[in-house]
Structures are given as C-alpha cells and as structure tokens.
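The values are calculated or read from the model by the stated rules, or taken from the named source; none is laboratory data. Since the model is a prediction, treat every value here as computed from it, not as a measurement. Virtual Cβ from ideal backbone geometry, glycine too; neighbours counted across all protein chains shown. The protein model used for the area step is the full one, side chains on, heavy atoms only, and it has no ligands, DNA or RNA in it. Shrake-Rupley method; radii C 1.70, N 1.55, O 1.52, S 1.80 Å.
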Amino acid sequence: MSTKDFIEKDYYKVLGVPKDATEAEIKKAYRKLAREFHPDANKGNTKAEERFKEISEANDVLGDPKKRKEYDEARALFGNGGFRPGPGGAGGSFNFDLGDLFGGGAQGGGQQGAGGFGGGLGDVFGGLFNRGSSGTTRVQPRRGQDIDTEVTLSFTEAIEGATVPLRMSSQAPCKACSGTGDANGNPRVCPTCVGTGQVARGSGGGFSLTDPCPDCKGRGLIAENPCEICKGSGRAKSSRTMQVRIPAGVSDGQRIRLRGKGAPGERGGPAGDLYVSVHVDTHPVFGRKGDNLTVTVPVTFSEAALGGEVRVPTLGGPAVTLKLPPGTPNGRTMRARGKGAVRKDGTRGDLLVTVEVSVPTELSGKARDALEAYREATVGEDPRAELFQAAKGA
Ligand SMILES: [Zn+2]
Ligand SMILES: [Zn+2]
C-alpha cells in the first residue's frame, strides 16, 4: 500500500459501509467479506485474492480509530481523490510523489506499509491539524498581525538607544467569546474546509495552492450564535502598552523591525512583528551625519591665528580638548575620534568639530588698543588683492 492509495482509495466503499459507520459495523462488514474472499475458500482465484487484499487493507485503516481519523482527515483535505494525474501524467502517476513527501516509511507494501504510513502521515497531519488536543478543533495555528507604530526620540536617546513605552492597539481574541466568535463559546468546525480555514484552489495543482475558505472566512470555525461583542469575528481591538528597546544609533525617518513584538498569534501561532517608525528631535548643539556627530565651535581670531587648545563638548560625555594649529582658517573641520554616534557593532563614529571664528560685537579699551596696533602692524596687507586679480583674469 502506498500513500497515494491512501488518498485515492475509498476504504468505506471497499467494505461497503457508510462514512459514519460504527466500529462494530466496520468489524462486522470486514468479517463477512473476509470469510467470503479468503484465499483458502477461493483457491486459484486471483480476483478473489485481490479483493481479499483490498478488504484487509481497508480494515487495517478503518478498524483502527487513530488511522481511520487520519484517513478521514487526509481525504477531506485532499478532496477525496482530487489529486488526479496531471494532463501530461501517465495513468495512475502523480505530478509529484506523495510517498517522498510523506517520508520513506509510507512506501512498501502489505502489513509493513500499513504500519508505515500511519507514522508518516501522522507527522504531516499532526502538524497541520494540531491533533491530539481536543479532537474537535482541528484548526491551524495562525501568526499574529504585524503592527506599525511610531515613536519620537530625543536626539540623545536615538544615539544611545532607549527603552520607551509604546501604546499599541491590535486585534486580539474577543474576551466575551474567548475568540471563538460564538456567543456560547462553542463554534462548529467549518465543514467546507474541515477546520483548516483553507480550500484547495482548482484541481490538479500542488496542494500548496490554497485560498481562504469562503464559508468561514479562513477561520476554520463557524459561529451558530454570533457573539454580539465581536459580531462573530472572534477578534476585538485591544490596546496595550509595552516597553520596547530601541537600539542605539537609529536616525530620523528610520523604520525598525522588532521580531515577535507584534500582535500575539492565535492557537499557538507565533506573534507578528512590530515596525516602529522613528522620529528624532533635533539637538540645540549637536547635529548628525550618519555615524558621526557634528558640532560648530566658536574660536577667537587670536586662537585661530596663533593656535591654541580648545575645549569641545561631547554628547553625554566629558569635554575633549582639541589642538588648534596656528593659522587655522575659519570653517576648518577637525575630528575627535570615537565621540560620535553608536554604530551597529557597538563602536562609535567621530565628532566633527567645525571652527567658527567669532567677531566680538563689543571691545574693551585694552582690546581695541591691541587691535589698532595690529592694524598698524599689518598696513599694506590686502586680503582682497588675490580676489580682484582672479576676478579680472576670468
Ligand atoms: Zn471553512
Ligand atoms: Zn466575541
């Protein structure tokens, strides 16, 4: 016996019993047929021998409640022989090998095969139907929804990373009906999709082509008395606040994904993801260029001209001292290594320090005297000489 037999063959028909036959009825039908077609009573009759094999095979499955359930589920799922050979396929062959799909144990013949497919199919359908829980709710687990939300961080929080409370509203199971959608909390398993929530799309294709079941809207359950709170959907809007860790180094406009922080899954399914759009406030002093921070530092004319040491503030750390070389022009940018934004690997970018020569708006008498002395000392130096030369030349 092979797995495709399992899906193609109608064991109920073989034993001549209805689909809802009791165990006793199946036993009785089998005994009667087995006596009739037993090889001892039909020596040399190959047709009877074939029939006897079929009957034994059918009894192996239908006579075992566990195997019978698997068989019923398989046939419901695959549509009672809906897997016909494809247009190009030879008679009886499939577009794909179900035996391979269900594991090598499904191959083989006779008694051994009967034991084998039980294990193989059990693995596959056990996963599909969440079997063994209650026996009636054979509904697939479902992944929770992804949730989009946004957060505004201070400049420093974005650089250092922050744990922020996020208020989120999402679809959660309705409390009134425990997510069943049924007022009595006792919905019916959808007969169309037998609780899977999915129906095969067309025939002859692979069984991965499925559509949400039109009768239960993909829920796998049908509410006879729809819950008034959720109108039978089984879902309700819930809002919750959770603490979310935003990693260091995010920048304005970035969208970060937090795995498994979205809406909770249903029936044991995994949670969805949370997508957070980040807005970052500006800082009065610091700016940002990728991993680097920027700052503009005023220096006096004498500091720029004579050189000197300038203290520069850093974000969230002690000030650093930068050596200004003599003759530093206005607008020169210098680098304080490792004082920038946090990178993904935990290292930091640099702080880019731009020098801005400041001009005093008021002068003390002493300073004025000194500057006038400077003017006298530099008489005849024209900083615009080159400018006019260049303007003429072009
Ligand atoms: Zn359905
Ligand atoms: Zn409800």
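Under unit Cβ charges (Lys, Arg +1; Asp, Glu -1), what dipole magnitude, rounded to 20 debye, does region 287-377 have relative to its Cα centre?
With Lys and Arg at +1 and Asp and Glu at -1, about 560 debye.
Multiply the residue separation of SER251 and SER302 by 0.36 nm, subtract the distance between their alpha-carbon atoms, and state the gained length in nm to one decimal.
Net length gain for the segment: 14.6 nm.
Which loop-located GluC sites (Glu not before Pro) does region 343-388 contain, where loop means any DSSP state but H, G, I, E or B and the Cβ has at most 14 other Cβ atoms within 10 Å?
GLU362, GLU381
Just the projected area, averaged over all directions, of the convex hull on the alpha carbon atoms of region 140-256: how many nm²?
Projected over every direction and averaged, the Cα hull of region 140-256 covers 10.1 nm².
Take region 236-333, drop everything but the C-alpha atoms, weight them equally and run the Debye formula without solvent; then report log10 I(q)/I(0) at 0.20, 0.25 Å⁻¹ to two decimals.
Treating every Cα as an identical point scatterer, log10 I(q)/I(0) equals -1.06, -1.32.
Of VAL379, THR354, PRO326, which is farthest on the positive side of the dipole of region 239-394, counting Cα position, with +1 on Lys and Arg Cβ, -1 on Asp and Glu Cβ, and the Cα centre as origin?
Value computed over the given set: THR354.
Given LYS237/LYS261; LYS13/LYS43; LYS261/LYS339, which pairs have Cα atoms separated by over 28 Å?
LYS261/LYS339, as the Cα separations exceed 28 Å there.
Taking a cut-off of 22 Å, what percent of all Cα-Cα pairs in region 285-394 are separated by more than that?
In whole percent, the long-distance tail amounts to 50.
With every protein chain left in place and a probe of 1.4 Å, what is the accessible surface of GLU224, to the nearest 10 Å²?
100 Å²
So how much accessible area does VAL189 have, in Å² to the nearest 10, using a 1.4 Å probe?
40 Å²
For region 244-299, would you read off the P(r) tail past 19 Å as a percentage of all alpha carbon pairs? Let's see the in-between values first.
On the way: 748 of 1540 pairs.
Summing the P(r) tail past 19 Å for region 244-299 gives 49 percent.
What is the gain in length, in nm to one decimal, between ASN42 and VAL164 on full extension, counting 0.36 nm per residue of separation less the C-alpha to C-alpha distance? The partial results should precede the final answer.
Values: separation 122, 0.36 × 122 = 43.92 nm, distance 8.13 nm.
Full extension of this stretch gives 35.8 nm more.
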